[in-house]
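One structure below.
The values are calculated or read from the model by the stated rules, or taken from the named source; none is laboratory data. Because the structure is predicted, anything quoted here is derived from the model rather than measured. Cβ atoms come from the backbone with ideal geometry, glycine included; neighbour counts cover every protein chain shown. For accessibility, only protein heavy atoms count, side chains too; no ligands or nucleic acids. Shrake-Rupley method; radii C 1.70, N 1.55, O 1.52, S 1.80 Å.
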Amino acid sequence: RASGHSFTATINHASNAHLHDTDTQATPTPSKPPKPPLEHAAGEKRRILYVEDSVDNQRIIQAFLRKSGFSVDLAEDGQVGVEKALAAERQGTPYDLILMDMQMPRMDGYTATAQLRQQGCGLPILALTAHTAQGERQRCLQAGCDDYATKPIGRQTLAALVNHHLAQPPRSARRDSA
């Protein structure tokens, strides 16, 4: 006999139990799941280059992005990131977006972003950094990044940020129309 009680249960999927969807961003988390990624005309997944020296961050962000439907390549520092981005462009298979950690050994994200911009790279470059010091956002934008987000970042917030920038016209087209 029903007595009008209701119960709520939360079930963690075992393979994803290590991925926490915590958000410390000031940006509100969307109430709906993120829209599926925009695909190329031929239906291939959008390609993202994630430049990050921390293996743990690589695994977490790569899992978030793949779960949101993106294809993800990794670069362990700014130098490798610049090389991969420029090589993909030369080969006619450019990335659609670059996520850039800003504090890395060998070549940091500020230098890597500036070099990519000097080489004519018009892809969206999003700074993804643990540094939240005052002025950090401006420093990232001055280096050539299109946007700034702090780690840790939740999967929905990350997917919404990436999708937002993929929907924008390329950087060169924005300058031409200004």
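Is it the case that LEU116 is without any contact (Cβ under 8 Å) to a residue 40 or more places away in the chain, closer than 19 Å to LEU74 by Cβ and not in a strand (DSSP E or B)?
Values: without any contact (Cβ under 8 Å) to a residue 40 or more places away in the chain: yes; closer than 19 Å to LEU74 by Cβ: yes; not in a strand (DSSP E or B): yes.
Spelling it out, LEU116 is indeed without any contact (Cβ under 8 Å) to a residue 40 or more places away in the chain, closer than 19 Å to LEU74 by Cβ and not in a strand (DSSP E or B).
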- request: Return yes when GLN134 is open to solvent by 30 Å² or more (accessible area, probe 1.4 Å), modelled with pLDDT of 95 or more and out of contact with any Pro (no Cβ under 8 Å at 6 or more places or on another chain) and no when it is not.
  value: no
message: Being without any contact (Cβ under 8 Å) to a residue 24 or more places away in the chain and within 28 Å of LYS67 (Cα to Cα) is the requirement here; does PRO169 meet it?
response: yes
- prompt: Of all residues in the stretch 83-115, how many are in contact with a His (Cβ under 7 Å, 6 or more places away or on another chain) and either of a type in the set (Gly, Ala, Ser) or open to solvent by less than 50 Å² (accessible area, probe 1.4 Å) (or both)?
  reply: 2
Pair list, Cβ < 7 Å and 6+ apart or interchain, from the stretch 124-150 residues that are in a helix (DSSP H, G or I) to residues that are open to solvent by less than 60 Å² (accessible area, probe 1.4 Å) and of a type in the set (A, V, I, L, M): CYS140/MET102; CYS140/ALA127; ALA143/ALA114
